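Remarks on the structure that follows.
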């Protein structure tokens, strides 16, 4: 089987973004299938290709995966219109690949939602099987967050969502709420498979040296957030908790924020303005380096803005990285991941927008440090039993093979 795999933000572990598509494509190759990955360029990714672009495109093979990379220079700092234009431009390039290349099934993964356009083309024009992976529900999430309010834009995205779902022979949702959202658009649930993000156990088990983040003391409790610093992430909640910790005189608790994003400059300025010496900002690092940094921390922070659509509708990479390395998790919103944290006793759950409860949880962790290793061991067990990448990738490969058949 030859799979045309469309993912605008594809990256290997040498980049500083999620590697789900790289891992899934590698498993396809290991099962004897061939993969042609179509992607764009992204500020923090690393596709593995090093040759110069020729007329805005380069092509090569990375770990057995054929890769076509278009020079797009996408960034989270781009404005809404600029980002939208790059999404559309990439989808048109991907349609061109879908029109001329040989393949047995087209697999496309969002976001952006425009990733569905090549699949619609492949199914309707070339009569190829199309499998669509939904990482976030659009336009439901931007509407709920209030970042897109134009009714024409929302209407156009809703139409594209409906056509993408109806065109796909099979679909994948990364979280329970995403599966429900797809089904609520009239898709039979037998066509939908839930395959969440997973834990790269090989990567994290290879860590031999834990790296304590700069600016922390040996006796500090170190809580880490590793991810985007954008609107959806709601990191002001972390600064609110840090202010509360400062008020209570708990300088022994340090919060480390690793990553980039549109709101990072404002967050850094806010922390500086109120004198938050207990918050440390670090730049994004390669995933291979991130593993060592996480191993040097005591607690992983799973933070999102208080938007009910997030509760059951997201599958964040960082949560699975935390438990893969054996970190207890503090999560500040309800939903399916909070249920796992509470039921498996692998960390702390606090209500959204409650800085005092957030600070209470961090103080409890600091004052009961001896209990954290057991929490971490249970977290690691959850990673090994419920979310190992190999197990989830096997389900992924079988789902695509079924579509091709």
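The values are calculated or read from the model by the stated rules, or taken from the named source; none is laboratory data. Because the structure is predicted, anything quoted here is derived from the model rather than measured. Don't worry about glycine lacking a Cβ; one is built from the backbone with ideal geometry, like all the others, and counts go over all protein chains shown.
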- Query: From the list 153, 175, which residue is buried (at least 22 other Cβ atoms within 10 Å of the Cβ) and more than 13 Å from residue 105 (Cα to Cα)?
  - Reply: 175
- Does the range 9-29 contain at least one residue that is part of a strand (DSSP E or B), touching a residue at least 12 places away in the same chain (Cβ under 8 Å) and buried (at least 21 other Cβ atoms within 10 Å of the Cβ)? no
- Query: Of the numbered conditions (1) closer than 26 Å to residue 137 by Cβ; (2) touching a residue at least 60 places away in the same chain (Cβ under 8 Å); (3) surrounded by fewer than 22 Cβ atoms within 10 Å (Cβ to Cβ), residue 296 satisfies every one except a single condition; which is it?
  - Reply: (1)
- Counting only residues that are without any contact (Cβ under 8 Å) to a residue 40 or more places away in the chain and either surrounded by fewer than 17 Cβ atoms within 10 Å (Cβ to Cβ) or not in a helix (DSSP H, G or I) (or both), how many does the range 361-377 have? 7
- Query: Tell me, which strands (runs of 3 or more DSSP E) lie completely within the range 190-267 with 2 or more residues that are within 18 Å of residue 283 (Cα to Cα) and in contact with a helix residue (DSSP H, G or I) (Cβ under 9 Å, 6 or more places away or on another chain)?
  - Reply: 221-226, 253-258
- Message: Please determine whether any residue of the range 306-328 is assigned to a strand (DSSP E or B), in contact with a helix residue (DSSP H, G or I) (Cβ under 6 Å, 6 or more places away or on another chain) and surrounded by fewer than 24 Cβ atoms within 10 Å (Cβ to Cβ).
- Response: no
- Message: What's the number of the only condition in (1) in contact (Cβ under 8 Å) with a residue 40 or more places away in the chain; (2) surrounded by fewer than 16 Cβ atoms within 10 Å (Cβ to Cβ); (3) closer than 14 Å to residue 216 by Cβ that residue 277 fails to meet?
- Response: (1)
- Elements of type strands (runs of 3 or more DSSP E) contained in the range 38-145, each with 2 or more residues being surrounded by fewer than 20 Cβ atoms within 10 Å (Cβ to Cβ): 57-62, 65-74
- Filter the range 163-185 for residues that are farther than 21 Å from residue 311 by Cβ and free of Cβ contacts under 8 Å to residues at least 24 places away in the same chain and give the result. 166
- Is it fair to say residue 335 is closer than 26 Å to residue 235 by Cβ and in the same structural domain as residue 244 (by TED's automatic domain parsing)? yes
- Screening 141, 152 for residues that are assigned by TED's automatic domain parsing to the domain that holds residue 99 and under 19 Å from the mean Cα position of the chain (by Cα) leaves only 141
- Please tell me if residue 268 is assigned by TED's automatic domain parsing to the domain that holds residue 350, touching a strand residue (DSSP E or B) at 6+ places or on another chain (Cβ under 7 Å) and either modelled with pLDDT under 95 or surrounded by fewer than 18 Cβ atoms within 10 Å (Cβ to Cβ) (or both). yes
- Item | Index of the failed condition, residue 292 passing every other in (1) in a loop (DSSP other than H, G, I, E, B); (2) over 24 Å from residue 182 (Cα atoms) | (1)
